[in-house]
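The values are calculated or read from the model by the stated rules, or taken from the named source; none is laboratory data. Predicted model, so just to flag it, every value in this text is computed and none were measured. Here the Cβ positions follow ideal geometry from the backbone for every residue, glycine too, while neighbour counts run over all protein chains shown. All accessible areas refer to the heavy atoms of the entire protein, side chains included, with ligands and DNA or RNA removed. Shrake-Rupley method; radii C 1.70, N 1.55, O 1.52, S 1.80 Å.
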Amino acid sequence: MTALLAILLLLLIPAVMFIVQLKRQRAQYLWLLAMLGALLAWMGIYFARSDLSQVVAPFTWQPEIFFPLSPILVIDFTSWVFALALTTQLVAVMLTSVARLGGTRTPVLETSQPSEEEEAPPVIPAANPQRTNWRAWASHLALTSLGLVAVLAGNLLTLLLAWVALDIVELFILLGQVSTSEHRAKVMVSFSARLAGIVMLLLGGIVMWSQGRELDFSSITQPANLFFFLAAGLRLGILPLHIPFQSELPMRIGLGTIVRLVPLSASLVLLVRCTEVGIPGITGLVLLGLCALAGLAGGIGWLRAQDELSGRSYWIMVCSSLAMAAAIQGQPEACIAWSLAAILLGNLIFLTSVRRRYLAPILLVGVICLTSLPFTPTWAGSSVFQPMAASTNLLGQVFAVLIGLIFFICHGLLLAGYLLHGLRGRLIP
(Lines give C-alpha, C1' and ligand atoms only; values in the text may rest on other atoms or scores of the structure.)
Protein backbone atom coordinates (compact mmCIF):
# COMPACT_ATOMS: atom_id res chain seq x y z
CA MET A 1 0.00 0.00 0.00
CA THR A 2 2.87 2.40 0.67
CA ALA A 3 4.01 1.96 -2.95
CA LEU A 4 0.58 3.03 -4.20
CA LEU A 5 0.71 6.05 -1.90
CA ALA A 6 4.11 6.97 -3.33
CA ILE A 7 2.71 6.89 -6.87
CA LEU A 8 -0.28 9.03 -5.93
CA LEU A 9 1.95 11.48 -4.08
CA LEU A 10 4.21 11.97 -7.10
CA LEU A 11 1.13 12.67 -9.22
CA LEU A 12 -0.44 15.02 -6.70
CA ILE A 13 2.54 17.27 -6.00
CA PRO A 14 2.94 18.51 -9.63
CA ALA A 15 -0.72 19.58 -9.53
CA VAL A 16 -0.11 21.39 -6.23
CA MET A 17 2.98 23.05 -7.71
CA PHE A 18 0.92 24.26 -10.68
CA ILE A 19 -1.73 25.76 -8.39
CA VAL A 20 0.86 27.44 -6.18
CA GLN A 21 2.57 28.90 -9.23
CA LEU A 22 -0.74 30.38 -10.37
CA LYS A 23 -1.63 31.82 -7.00
CA ARG A 24 1.80 33.11 -5.99
CA GLN A 25 4.01 34.00 -8.91
CA ARG A 26 7.02 34.56 -6.65
CA ALA A 27 6.73 31.40 -4.56
CA GLN A 28 10.25 30.40 -3.49
CA TYR A 29 9.53 27.01 -1.98
CA LEU A 30 8.50 24.97 -5.03
CA TRP A 31 11.79 23.10 -5.03
CA LEU A 32 11.32 22.28 -1.35
CA LEU A 33 7.85 20.93 -2.10
CA ALA A 34 9.15 18.75 -4.93
CA MET A 35 12.10 17.57 -2.84
CA LEU A 36 9.80 16.67 0.05
CA GLY A 37 7.60 14.67 -2.32
CA ALA A 38 10.63 12.82 -3.70
CA LEU A 39 11.85 11.92 -0.21
CA LEU A 40 8.42 10.75 0.93
CA ALA A 41 8.07 8.65 -2.23
CA TRP A 42 11.48 7.08 -1.61
CA MET A 43 10.48 6.26 1.95
CA GLY A 44 7.20 4.78 0.76
CA ILE A 45 8.98 2.51 -1.70
CA TYR A 46 11.62 1.55 0.85
CA PHE A 47 9.05 0.52 3.47
CA ALA A 48 7.14 -1.41 0.79
CA ARG A 49 9.83 -4.05 1.20
CA SER A 50 7.85 -5.39 4.14
CA ASP A 51 4.93 -6.04 1.77
CA LEU A 52 6.77 -8.22 -0.77
CA SER A 53 4.58 -10.62 -2.77
CA GLN A 54 1.63 -8.31 -2.23
CA VAL A 55 -0.88 -7.63 -5.00
CA VAL A 56 -2.53 -4.21 -5.06
CA ALA A 57 -5.65 -3.70 -7.17
CA PRO A 58 -6.47 0.03 -7.10
CA PHE A 59 -9.83 -0.54 -8.80
CA THR A 60 -11.70 -3.16 -10.79
CA TRP A 61 -13.16 -2.31 -14.16
CA GLN A 62 -16.86 -3.02 -14.50
CA PRO A 63 -18.73 -4.87 -15.89
CA GLU A 64 -16.39 -7.85 -15.63
CA ILE A 65 -18.00 -9.57 -18.61
CA PHE A 66 -16.51 -6.85 -20.86
CA PHE A 67 -13.40 -6.18 -18.76
CA PRO A 68 -12.12 -9.51 -17.44
CA LEU A 69 -8.73 -7.95 -16.76
CA SER A 70 -8.09 -4.94 -14.54
CA PRO A 71 -4.88 -3.05 -13.72
CA ILE A 72 -2.96 -4.46 -10.76
CA LEU A 73 0.34 -3.70 -9.07
CA VAL A 74 2.61 -6.44 -7.76
CA ILE A 75 5.26 -5.77 -5.13
CA ASP A 76 7.90 -8.49 -5.35
CA PHE A 77 11.69 -8.39 -5.26
CA THR A 78 12.05 -7.50 -8.94
CA SER A 79 9.55 -4.66 -8.92
CA TRP A 80 10.80 -3.38 -5.57
CA VAL A 81 14.45 -3.00 -6.63
CA PHE A 82 13.41 -1.20 -9.83
CA ALA A 83 11.06 1.08 -7.91
CA LEU A 84 13.73 1.86 -5.32
CA ALA A 85 16.20 2.66 -8.11
CA LEU A 86 13.71 5.04 -9.74
CA THR A 87 12.96 6.92 -6.53
CA THR A 88 16.66 7.06 -5.66
CA GLN A 89 17.26 8.56 -9.09
CA LEU A 90 14.52 11.13 -8.45
CA VAL A 91 16.05 12.18 -5.13
CA ALA A 92 19.49 12.51 -6.75
CA VAL A 93 18.13 14.62 -9.61
CA MET A 94 16.26 16.92 -7.24
CA LEU A 95 19.30 17.35 -5.00
CA THR A 96 21.66 18.20 -7.85
CA SER A 97 19.13 20.53 -9.48
CA VAL A 98 19.77 23.06 -6.70
CA ALA A 99 23.16 23.83 -8.22
CA ARG A 100 21.49 24.64 -11.51
CA LEU A 101 18.71 26.98 -10.38
CA GLY A 102 17.79 29.39 -13.11
CA GLY A 103 19.15 27.10 -15.81
CA THR A 104 22.84 27.82 -15.20
CA ARG A 105 25.34 25.04 -15.71
CA THR A 106 28.97 24.55 -14.83
CA PRO A 107 30.78 23.22 -17.90
CA VAL A 108 32.39 19.82 -17.59
CA LEU A 109 35.30 20.45 -19.95
CA GLU A 110 37.87 23.13 -19.43
CA THR A 111 39.09 23.69 -22.99
CA SER A 112 36.58 22.12 -25.39
CA GLN A 113 33.73 24.01 -26.93
CA PRO A 114 30.30 23.35 -25.40
CA SER A 115 28.28 20.69 -27.21
CA GLU A 116 24.65 20.97 -28.16
CA GLU A 117 23.80 19.41 -24.80
CA GLU A 118 25.86 22.05 -23.04
CA GLU A 119 24.12 25.05 -24.60
CA ALA A 120 22.87 27.21 -21.77
CA PRO A 121 19.27 28.43 -21.87
CA PRO A 122 18.51 32.13 -22.12
CA VAL A 123 19.46 34.21 -19.08
CA ILE A 124 16.52 34.88 -16.76
CA PRO A 125 16.12 37.27 -13.87
CA ALA A 126 17.94 36.05 -10.77
CA ALA A 127 15.16 37.19 -8.45
CA ASN A 128 12.91 34.29 -9.29
CA PRO A 129 14.75 31.39 -10.98
CA GLN A 130 12.05 28.91 -9.93
CA ARG A 131 9.69 30.28 -12.55
CA THR A 132 11.52 28.34 -15.24
CA ASN A 133 12.54 25.33 -13.14
CA TRP A 134 9.28 24.30 -11.50
CA ARG A 135 8.02 22.74 -14.75
CA ALA A 136 11.13 20.58 -14.95
CA TRP A 137 10.72 19.56 -11.31
CA ALA A 138 7.07 18.68 -11.89
CA SER A 139 8.08 16.66 -14.95
CA HIS A 140 10.59 14.75 -12.82
CA LEU A 141 7.89 13.70 -10.39
CA ALA A 142 5.26 12.91 -13.03
CA LEU A 143 7.58 10.77 -15.16
CA THR A 144 8.85 8.90 -12.11
CA SER A 145 5.30 8.14 -10.98
CA LEU A 146 4.45 6.63 -14.38
CA GLY A 147 7.73 4.73 -14.30
CA LEU A 148 6.74 3.29 -10.92
CA VAL A 149 3.46 2.08 -12.38
CA ALA A 150 5.39 0.34 -15.17
CA VAL A 151 7.92 -1.41 -12.94
CA LEU A 152 5.23 -2.43 -10.44
CA ALA A 153 2.86 -3.68 -13.16
CA GLY A 154 1.35 -7.04 -12.28
CA ASN A 155 -0.04 -7.92 -15.70
CA LEU A 156 0.29 -6.98 -19.35
CA LEU A 157 -2.62 -4.53 -19.23
CA THR A 158 -1.01 -2.46 -16.49
CA LEU A 159 2.32 -2.41 -18.29
CA LEU A 160 0.62 -1.46 -21.56
CA LEU A 161 -1.24 1.45 -19.97
CA ALA A 162 1.92 2.63 -18.22
CA TRP A 163 3.91 2.51 -21.46
CA VAL A 164 1.25 4.50 -23.33
CA ALA A 165 0.99 7.16 -20.62
CA LEU A 166 4.76 7.38 -20.28
CA ASP A 167 5.28 7.75 -24.03
CA ILE A 168 2.64 10.47 -24.33
CA VAL A 169 4.03 12.50 -21.41
CA GLU A 170 7.56 12.06 -22.71
CA LEU A 171 6.49 13.16 -26.20
CA PHE A 172 4.99 16.41 -24.90
CA ILE A 173 8.05 17.09 -22.74
CA LEU A 174 10.48 16.52 -25.59
CA LEU A 175 8.47 18.57 -28.09
CA GLY A 176 8.39 21.38 -25.53
CA GLN A 177 12.17 21.30 -25.20
CA VAL A 178 13.13 21.42 -28.90
CA SER A 179 12.61 24.16 -31.43
CA THR A 180 14.03 22.89 -34.74
CA SER A 181 12.45 20.58 -37.28
CA GLU A 182 15.47 18.27 -37.13
CA HIS A 183 15.03 17.69 -33.41
CA ARG A 184 11.28 17.21 -33.81
CA ALA A 185 11.94 14.57 -36.44
CA LYS A 186 14.22 12.72 -34.02
CA VAL A 187 11.56 12.85 -31.33
CA MET A 188 8.91 11.44 -33.67
CA VAL A 189 11.20 8.64 -34.87
CA SER A 190 11.84 7.63 -31.27
CA PHE A 191 8.12 7.82 -30.52
CA SER A 192 7.36 5.61 -33.53
CA ALA A 193 9.80 2.97 -32.27
CA ARG A 194 8.07 3.06 -28.89
CA LEU A 195 4.70 2.58 -30.57
CA ALA A 196 6.07 -0.41 -32.48
CA GLY A 197 7.15 -1.86 -29.15
CA ILE A 198 3.62 -1.42 -27.80
CA VAL A 199 2.27 -3.26 -30.85
CA MET A 200 4.67 -6.15 -30.16
CA LEU A 201 3.48 -6.26 -26.55
CA LEU A 202 -0.11 -6.47 -27.77
CA LEU A 203 0.76 -9.29 -30.16
CA GLY A 204 2.43 -11.20 -27.35
CA GLY A 205 -0.67 -10.78 -25.23
CA ILE A 206 -2.84 -12.02 -28.08
CA VAL A 207 -0.66 -15.13 -28.42
CA MET A 208 -1.02 -15.85 -24.69
CA TRP A 209 -4.78 -15.29 -24.83
CA SER A 210 -5.12 -17.63 -27.82
CA GLN A 211 -3.31 -20.30 -25.79
CA GLY A 212 -5.76 -19.91 -22.91
CA ARG A 213 -3.19 -18.33 -20.58
CA GLU A 214 -3.72 -15.57 -18.06
CA LEU A 215 -2.24 -12.26 -19.14
CA ASP A 216 0.22 -12.06 -16.27
CA PHE A 217 3.97 -12.50 -16.18
CA SER A 218 3.85 -15.91 -14.50
CA SER A 219 2.07 -17.42 -17.52
CA ILE A 220 4.47 -16.33 -20.29
CA THR A 221 5.02 -18.93 -23.00
CA GLN A 222 7.94 -19.20 -25.41
CA PRO A 223 5.96 -18.11 -28.51
CA ALA A 224 4.75 -15.01 -26.68
CA ASN A 225 8.15 -14.41 -25.15
CA LEU A 226 9.66 -13.70 -28.57
CA PHE A 227 7.18 -10.84 -29.08
CA PHE A 228 8.00 -9.48 -25.63
CA PHE A 229 11.71 -9.46 -26.42
CA LEU A 230 10.96 -7.64 -29.68
CA ALA A 231 8.83 -5.14 -27.75
CA ALA A 232 11.62 -4.40 -25.29
CA GLY A 233 14.24 -4.40 -28.05
CA LEU A 234 12.34 -1.83 -30.11
CA ARG A 235 11.94 0.47 -27.14
CA LEU A 236 15.58 0.09 -26.15
CA GLY A 237 16.99 0.54 -29.67
CA ILE A 238 18.48 -2.96 -29.92
CA LEU A 239 16.14 -5.11 -32.05
CA PRO A 240 16.60 -3.98 -34.72
CA LEU A 241 19.64 -1.81 -34.08
CA HIS A 242 18.70 1.86 -34.09
CA ILE A 243 19.96 4.78 -32.02
CA PRO A 244 17.00 7.00 -31.03
CA PHE A 245 19.20 10.10 -30.60
CA GLN A 246 22.61 9.95 -32.29
CA SER A 247 23.15 13.47 -31.02
CA GLU A 248 21.52 14.36 -27.73
CA LEU A 249 18.66 16.81 -27.67
CA PRO A 250 19.30 20.17 -25.95
CA MET A 251 17.88 19.56 -22.47
CA ARG A 252 18.87 20.23 -18.90
CA ILE A 253 20.98 17.62 -17.17
CA GLY A 254 18.30 16.54 -14.71
CA LEU A 255 15.37 16.48 -17.12
CA GLY A 256 17.44 14.82 -19.84
CA THR A 257 18.53 12.09 -17.43
CA ILE A 258 14.98 11.45 -16.20
CA VAL A 259 13.60 11.36 -19.76
CA ARG A 260 16.25 8.81 -20.78
CA LEU A 261 16.33 6.50 -17.78
CA VAL A 262 12.70 6.28 -16.64
CA PRO A 263 11.47 4.79 -19.96
CA LEU A 264 14.58 2.60 -19.90
CA SER A 265 13.50 1.15 -16.54
CA ALA A 266 9.96 0.56 -17.82
CA SER A 267 11.36 -1.57 -20.67
CA LEU A 268 14.08 -3.39 -18.73
CA VAL A 269 11.59 -4.68 -16.17
CA LEU A 270 9.86 -6.61 -18.97
CA LEU A 271 13.15 -8.33 -19.79
CA VAL A 272 13.56 -9.43 -16.19
CA ARG A 273 10.01 -10.82 -16.20
CA CYS A 274 10.86 -12.83 -19.33
CA THR A 275 14.04 -14.44 -18.01
CA GLU A 276 12.31 -17.48 -16.52
CA VAL A 277 11.26 -18.58 -20.02
CA GLY A 278 14.17 -17.21 -22.05
CA ILE A 279 14.68 -18.03 -25.72
CA PRO A 280 16.66 -21.24 -26.13
CA GLY A 281 18.00 -22.81 -29.32
CA ILE A 282 18.99 -21.20 -32.59
CA THR A 283 16.54 -18.33 -32.15
CA GLY A 284 18.27 -17.40 -28.92
CA LEU A 285 21.67 -17.47 -30.62
CA VAL A 286 20.44 -15.18 -33.39
CA LEU A 287 19.03 -12.70 -30.88
CA LEU A 288 22.25 -12.87 -28.89
CA GLY A 289 24.17 -12.05 -32.07
CA LEU A 290 21.99 -8.99 -32.68
CA CYS A 291 22.45 -7.90 -29.06
CA ALA A 292 26.21 -8.33 -29.38
CA LEU A 293 26.29 -6.12 -32.48
CA ALA A 294 24.19 -3.48 -30.73
CA GLY A 295 26.42 -3.61 -27.66
CA LEU A 296 29.57 -3.31 -29.75
CA ALA A 297 28.21 -0.33 -31.69
CA GLY A 298 27.03 1.30 -28.48
CA GLY A 299 30.35 0.67 -26.72
CA ILE A 300 32.34 2.30 -29.51
CA GLY A 301 29.94 5.24 -29.56
CA TRP A 302 30.13 5.59 -25.76
CA LEU A 303 33.93 5.59 -25.80
CA ARG A 304 34.13 8.10 -28.66
CA ALA A 305 31.44 10.45 -27.32
CA GLN A 306 32.48 14.04 -26.64
CA ASP A 307 31.27 13.75 -23.05
CA GLU A 308 29.01 11.58 -20.95
CA LEU A 309 25.90 13.61 -21.75
CA SER A 310 26.27 13.31 -25.51
CA GLY A 311 26.92 9.59 -25.03
CA ARG A 312 23.81 8.83 -22.96
CA SER A 313 22.08 6.97 -25.79
CA TYR A 314 25.14 4.76 -26.30
CA TRP A 315 25.39 4.03 -22.58
CA ILE A 316 21.78 2.88 -22.63
CA MET A 317 22.41 0.72 -25.68
CA VAL A 318 25.38 -1.14 -24.15
CA CYS A 319 23.73 -1.78 -20.78
CA SER A 320 20.47 -2.79 -22.45
CA SER A 321 22.21 -5.25 -24.76
CA LEU A 322 23.94 -6.89 -21.78
CA ALA A 323 20.65 -7.05 -19.86
CA MET A 324 18.82 -8.53 -22.84
CA ALA A 325 21.59 -11.10 -23.35
CA ALA A 326 21.15 -12.19 -19.75
CA ALA A 327 17.37 -12.42 -20.22
CA ILE A 328 17.71 -14.51 -23.38
CA GLN A 329 19.94 -16.97 -21.51
CA GLY A 330 17.54 -17.13 -18.56
CA GLN A 331 19.74 -15.34 -16.02
CA PRO A 332 17.51 -13.08 -13.89
CA GLU A 333 20.27 -12.01 -11.47
CA ALA A 334 22.51 -10.88 -14.35
CA CYS A 335 19.62 -9.07 -16.03
CA ILE A 336 18.80 -7.20 -12.83
CA ALA A 337 22.48 -6.37 -12.28
CA TRP A 338 22.95 -4.74 -15.69
CA SER A 339 19.57 -3.01 -15.46
CA LEU A 340 20.42 -1.41 -12.12
CA ALA A 341 23.87 -0.49 -13.42
CA ALA A 342 22.27 1.32 -16.34
CA ILE A 343 20.04 3.33 -13.99
CA LEU A 344 22.15 3.98 -10.90
CA LEU A 345 25.66 4.17 -12.35
CA GLY A 346 24.30 6.17 -15.27
CA ASN A 347 22.81 8.67 -12.84
CA LEU A 348 26.08 8.90 -10.98
CA ILE A 349 28.06 10.11 -13.99
CA PHE A 350 25.28 12.01 -15.80
CA LEU A 351 24.43 14.21 -12.81
CA THR A 352 28.05 15.07 -11.96
CA SER A 353 28.28 18.35 -13.84
CA VAL A 354 30.96 19.87 -11.58
CA ARG A 355 34.27 17.96 -11.37
CA ARG A 356 35.85 18.81 -8.05
CA ARG A 357 38.59 16.81 -6.39
CA TYR A 358 36.52 15.84 -3.41
CA LEU A 359 33.98 14.24 -5.79
CA ALA A 360 36.59 12.02 -7.46
CA PRO A 361 36.16 9.16 -4.93
CA ILE A 362 32.45 9.01 -5.77
CA LEU A 363 33.19 8.48 -9.45
CA LEU A 364 35.85 5.93 -8.48
CA VAL A 365 33.17 3.98 -6.60
CA GLY A 366 31.13 3.95 -9.81
CA VAL A 367 34.09 2.57 -11.76
CA ILE A 368 34.63 -0.17 -9.18
CA CYS A 369 30.95 -1.11 -9.24
CA LEU A 370 31.13 -1.42 -13.03
CA THR A 371 34.17 -3.71 -13.10
CA SER A 372 32.13 -6.88 -12.42
CA LEU A 373 34.76 -8.01 -9.94
CA PRO A 374 33.71 -10.33 -7.10
CA PHE A 375 31.62 -8.63 -4.40
CA THR A 376 30.71 -5.74 -6.71
CA PRO A 377 27.10 -5.06 -7.76
CA THR A 378 27.72 -6.13 -11.38
CA TRP A 379 29.47 -9.38 -10.43
CA ALA A 380 26.25 -11.30 -11.13
CA GLY A 381 26.21 -9.75 -14.61
CA SER A 382 29.50 -11.39 -15.59
CA SER A 383 27.63 -14.62 -16.38
CA VAL A 384 26.66 -13.18 -19.79
CA PHE A 385 30.28 -13.59 -20.90
CA GLN A 386 29.96 -17.37 -20.69
CA PRO A 387 29.05 -19.17 -23.94
CA MET A 388 25.40 -20.11 -24.31
CA ALA A 389 24.84 -23.89 -24.58
CA ALA A 390 22.39 -23.61 -27.45
CA SER A 391 23.79 -26.02 -30.02
CA THR A 392 25.59 -29.36 -30.07
CA ASN A 393 27.39 -28.85 -33.40
CA LEU A 394 30.81 -27.25 -33.64
CA LEU A 395 29.67 -24.21 -35.63
CA GLY A 396 27.04 -23.31 -33.05
CA GLN A 397 29.51 -23.68 -30.20
CA VAL A 398 32.07 -21.47 -31.95
CA PHE A 399 29.38 -18.87 -32.58
CA ALA A 400 28.38 -18.94 -28.90
CA VAL A 401 31.99 -18.49 -27.77
CA LEU A 402 32.42 -15.57 -30.21
CA ILE A 403 29.29 -13.88 -28.88
CA GLY A 404 30.52 -14.24 -25.30
CA LEU A 405 33.82 -12.67 -26.33
CA ILE A 406 32.03 -9.75 -27.98
CA PHE A 407 30.02 -9.12 -24.80
CA PHE A 408 33.27 -9.11 -22.82
CA ILE A 409 34.66 -6.49 -25.23
CA CYS A 410 31.45 -4.47 -24.85
CA HIS A 411 31.94 -4.49 -21.10
CA GLY A 412 35.52 -3.32 -21.54
CA LEU A 413 34.41 -0.44 -23.77
CA LEU A 414 31.70 0.47 -21.26
CA LEU A 415 34.19 0.54 -18.40
CA ALA A 416 36.83 2.44 -20.38
CA GLY A 417 34.31 5.07 -21.47
CA TYR A 418 33.05 5.47 -17.91
CA LEU A 419 36.57 6.03 -16.65
CA LEU A 420 37.41 8.38 -19.54
CA HIS A 421 34.32 10.55 -19.12
CA GLY A 422 34.67 10.53 -15.35
CA LEU A 423 38.21 11.90 -15.51
CA ARG A 424 37.71 14.16 -18.55
CA GLY A 425 38.50 17.79 -17.91
CA ARG A 426 40.42 19.42 -15.08
CA LEU A 427 39.49 18.43 -11.56
CA ILE A 428 38.72 21.69 -9.75
CA PRO A 429 40.20 21.92 -6.21
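Derived scalar couplings between HN and Hα for region 335-349 equal 5, 5, 4, 6, 5, 5, 5, 4, 7, 6, 5, x, 4, 4, 8 Hz in order, rounded to whole Hz, by the Karplus curve 6.51 cos²θ - 1.76 cosθ + 1.60 (θ = phi - 60°), x for Gly and Pro.
Taking each residue as 0.36 nm, the span from Leu8 to Leu195 lengthens on full extension beyond its C-alpha to C-alpha distance by 64.7 nm. Once you have a ≥ b ≥ c as the square roots of the Cα gyration tensor eigenvalues for region 177-336, tell me rounded if a/c is under 1.5, and otherwise prolate or oblate according to whether a/b is larger than b/c. Note, shape of region 177-336 comes out prolate. For Gly330, nonlocal amide neighbours, meaning residues 5 or more places apart or on other chains whose placed amide H falls under 5 Å from its own, are Ile279.
For the peptides 327-333, 219-225, the ranking by packing is 327-333, 219-225, with the highest mean count of neighbouring Cβ atoms within 10 Å listed first.
The phi torsions of region 401-411, fed into the Karplus equation with coefficients 6.51, -1.76 and 1.60 and a -60° offset, translate into couplings of 5, 5, 5, x, 5, 5, 5, 5, 5, 4, 5 Hz, rounded to whole numbers, with Gly and Pro shown as x. Here the gap between Ser70 and Met188, fully extended at 0.36 nm per residue and compared with their Cα-Cα distance, gives a gain of 39.4 nm. Taking the Cα atoms of region 140-218, the ratio Rg/Rh between the radius of gyration and the Kirkwood radius comes to 1.08.
Placing one identical point scatterer on every Cα of region 50-97 and ignoring solvent, what is log10 I(q)/I(0) from the Debye formula at q = 0.19, 0.21, 0.27 Å⁻¹? Relative scattering, expressed as log10 I(q)/I(0), comes to -0.73, -0.78, -0.92. Label-to-label distance, Val91 versus Ile300, with points set 7 angstrom from Cα along the beta-carbon direction: 4.1 nm.
Given in Å, the Rg to one decimal and the Dmax to the nearest whole number for the Cα atoms of the chain are 21.3, 72.
Modelled spin labels at Val286 and Leu39, positioned 7 Å past Cα toward Cβ, are 5.4 nm from each other.
Between Val365 and Ser50, the contour length at 0.36 nm per residue exceeds the alpha carbon distance by 110.5 nm. In a simple Cβ point-charge model (Lys, Arg +1; Asp, Glu -1; nothing else charged), the chain has a dipole of about 1140 debye relative to its Cα centre. Over region 258-366, the pair-distance histogram of Cα-Cα distances with 5 Å bins from zero comes to 2, 13, 20, 22, 19, 12, 7, 4, 2, 1, 0 percent, rounded to whole numbers.
For region 228-339, averaging the sequence separation of C-alpha pairs within contact (under 8 Å, six or more residues apart) and dividing by the residue count gives a relative contact order of 35 percent. Relative contact order for the chain: 15 percent, from Cα pairs under 8 Å spaced at least 6 residues apart, divided by residue count.
Can you pull the one-decimal nm distance between simple spin-label points at Val401 and Trp379, each 7 Å off the Cα toward Cβ? Result: 2.8 nm between the two label points.
Per residue, the solvent-accessible area of the chain (1.4 Å probe, heavy atoms of protein chains only, all protein chains present) comes to 43 Å². Distances between placed amide hydrogens fall under 5 Å for Gln54 paired with Ile75, all partners being 5 or more residues away or on another chain.
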